[in-house]
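The values are calculated or read from the model by the stated rules, or taken from the named source; none is laboratory data. Bear in mind the structure is a predicted one, so any value in this text is a computation, not a measurement. So basically every Cβ, Gly included, is an ideal-geometry build from the backbone, and we count neighbours across all protein chains shown.
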Amino acid sequence: MTRTAVLASAAVLVGHVFAAGQVPPAGQGAPPPAAQQLARDIFKELIEINTTESSGDVTMAAEAMAARLRAGGFPAADVQVLGPVPRKGNLVARLRGTGKGRPILLLAHLDVVEARREDWSFDPFTFLERDGYFYGRGTADIKSGAAVLVADLIRLRQEGFRPDRDLIVALTADEEGGNANGPDWLLRAHRELVDAEYCLNTDGGNGEIRKGRRIANELQTSEKVYLSFRLETKNPGGHSSLPVKDNAIYGLADGLARLARFDFPVKLNETTRGFFEKMAATEHGDLARDMKAVAGTPMDRAAASRLSAASPYFNAMLRTTCVATGLEAGHAENALPQTARAVVNCRILPGESPQDVRQTLVKVLADDKISVTPIAAPFLSPMSPLRPDVVSAVERVTADMWPGVPAVPMMSTGASDGIHFRAAGIPVFGVSGLFDDVDDVRAHGRDERLGVQAFYEGVEFMYRLVKVLASPVGTRSPLPGSER
């Protein structure tokens, strides 16, 4: 069936009530055909520009998107590509509004992790549509989000939409490569270009599909703090033919074994409590009961223990985590080791003190011969409060597009560009409407992909969300797009 035929057949189904999370017919939550084609063309162009650290050129992708926006009617003065190094250009574009409110920043990054041809079933920088999926490096992380934002901004301008505030799209460099040339640089060198009341980050919140059903649409409000420590113990050493019990490797290994048995205490915040409360409605049996018990007051700590054992993700949502990720020791096979080192990587809950985490490690290792030293200074980023206007808009559009699917606040266990804007005083809400299978996550991996329908629905979701948030007061109902 052609796309046109699918859209025509879907039109007669408007008003049909689908079971919670059931995938609607193609077109039910998709943009008009012309908007779909524009988004697909932009997505394809981005995927086929190599933006890896080793051999890619992010500026080329930024310039391509700038050309798209100018062709879509944006003045050259409102579309800028800028960066501190030639291959690391950032795109910043602005759709000007009435100025009644402060701007909304819309964020994605253009760089991608490495992808070697020999590791993939096909060229990772060729855009491939097959079996209901778009394939290519960056389809999931996060050129899909970049394509969505560019396509939607063009659509809004061509429709003559005038928001009550400026809409700023920032497509950044270096999210995967260290951030030195992306948001951190933009905020230091050109704060005025990206300053906003708040930010919507397409790299921060996804939709969850499990066994073919949409389970939840995430709204990310916080990210854990990344901090690695170097553990080191030293010893005079000696000849291996004369071993002694005081061995640098044994001492470090004993300390690491104690760390392996240790769990940081459970601590919930506004976001994680809301996560377990909302997710309980999507689960069944003991798991649902434990989620409700954890979200309750007082928190059920036995339930928290069961959730931690049930899933590494739940465990990471409940507490700070520290885990050994590297080990090196000794200098010769016939010599007692004089030095043994390990790297322990911690993901710290927002608001917790890195120094307190270090002191906890010292206590757990329980050996004053093991030094514990931060490898680099942590980048601290506060939580974003659950703003009622943003939360209600996300809930509203989610309910309209996917009846029965909850919008769920969440804390990321990893990190994104959002940390820089939060640290600069700009609240960040990770949301994209891009749904992916939680049992088949391919971001950063082989044959990365995103569902075709999921992509088009993400295009429509962000279009509607932005219109709800940026429409002049008095024109925000009915839901933009629902009248089609």
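Listed here are the helices (runs of 4 or more DSSP H) enclosed by the stretch 149-263 that have at least 3 residues being over 26 Å from Pro32 (Cβ atoms) and of a type in the set (A, V, I, L, M, F, W, C): 183-189, 248-260. Only one of the listed residues (Gly330, Gly351, Gly326) is at pLDDT below 95 and surrounded by fewer than 20 Cβ atoms within 10 Å (Cβ to Cβ). That residue is Gly351. When you look at Arg273, is it in contact with a helix residue (DSSP H, G or I) (Cβ under 7 Å, 6 or more places away or on another chain) and without any contact (Cβ under 8 Å) to a residue 60 or more places away in the chain, yes or no? Yes; evaluated as a whole, the condition is true for this residue. Looking only at the stretch 406-459, filter to residues that are on the phi > 0 side of the Ramachandran plot and touching a residue at least 24 places away in the same chain (Cβ under 8 Å); which one of those is farthest from the chain's Cα centre (by Cα)? So, considering only residues that are on the phi > 0 side of the Ramachandran plot and touching a residue at least 24 places away in the same chain (Cβ under 8 Å), the one farthest from the chain's Cα centre (by Cα) is Asp447. Screening the stretch 52-85 for residues that are assigned to a loop (DSSP other than H, G, I, E, B) and either free of Cβ contacts under 8 Å to residues at least 24 places away in the same chain or β-branched (Val, Ile, Thr) (or both) and picking the one that is surrounded by the most Cβ atoms within 10 Å (Cβ to Cβ) gives Thr52. Residues in the stretch 185-216 that are over 27 Å from Gln453 (Cα atoms) and either small (Gly, Ala, Ser) or under 17 Å from the mean Cα position of the chain (by Cα) (or both): Ala189, Ala196, Tyr198. Taking the stated definitions as given, is Gly21 outside any helix (DSSP H, G or I), modelled with pLDDT under 95 and in contact with a strand residue (DSSP E or B) (Cβ under 6 Å, 6 or more places away or on another chain)? Yes. Scan the stretch 415-445 residue by residue and report those that are in contact with a Lys or Arg (Cβ under 8 Å, 6 or more places away or on another chain), among the aliphatic types (A, V, I, L, M) and crowded, with 17+ Cβ neighbours inside 10 Å. Passing the criteria: Ala415, Ala424, Val428. Quick one: is Glu448 surrounded by fewer than 17 Cβ atoms within 10 Å (Cβ to Cβ) and either farther than 26 Å from Lys278 by Cα or at pLDDT 90 or above (or both)? When the stated conditions are applied, Glu448 does not pass them. When the criteria are applied in full, Val390 meets the requirement of being β-branched (Val, Ile, Thr), out of contact with any Asp or Glu (no Cβ under 6 Å at 6 or more places or on another chain) and within 26 Å of Ala295 (Cα to Cα).
Taking the listed residues Glu223, Glu197, the one that is touching a Gly at 6+ places or on another chain (Cβ under 7 Å) and surrounded by fewer than 21 Cβ atoms within 10 Å (Cβ to Cβ) is Glu197, with no other qualifying. Within the stretch 384-404, being closer than 30 Å to Asn345 by Cβ and surrounded by fewer than 19 Cβ atoms within 10 Å (Cβ to Cβ) holds for Pro385, Leu386. Scanning the stretch 271-322 for residues that are hydroxyl-bearing (Ser, Thr, Tyr) and surrounded by fewer than 17 Cβ atoms within 10 Å (Cβ to Cβ) yields Thr297, Ser305, Ser311, Tyr313.
This table checks each residue for (1) in contact with a Gly (Cβ under 7 Å, 6 or more places away or on another chain); (2) among the small types (Gly, Ala, Ser).
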| site | (1), (2) |
| --- | --- |
| Ile375 | no, no |
| Val405 | yes, no |
| His420 | no, no |
| Ser432 | yes, yes |
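When Asp111, Asp123 are checked against the criterion of being assigned to a loop (DSSP other than H, G, I, E, B), modelled with pLDDT of 95 or more and closer than 15 Å to Pro183 by Cβ, a single residue qualifies: Asp111.
Of the helices (runs of 4 or more DSSP H) lying entirely inside the stretch 280-361, the ones with 1 or more residues being more than 26 Å from Ser384 (Cβ to Cβ) and charged (D, E, K, R) are found at 285-295, 301-310.
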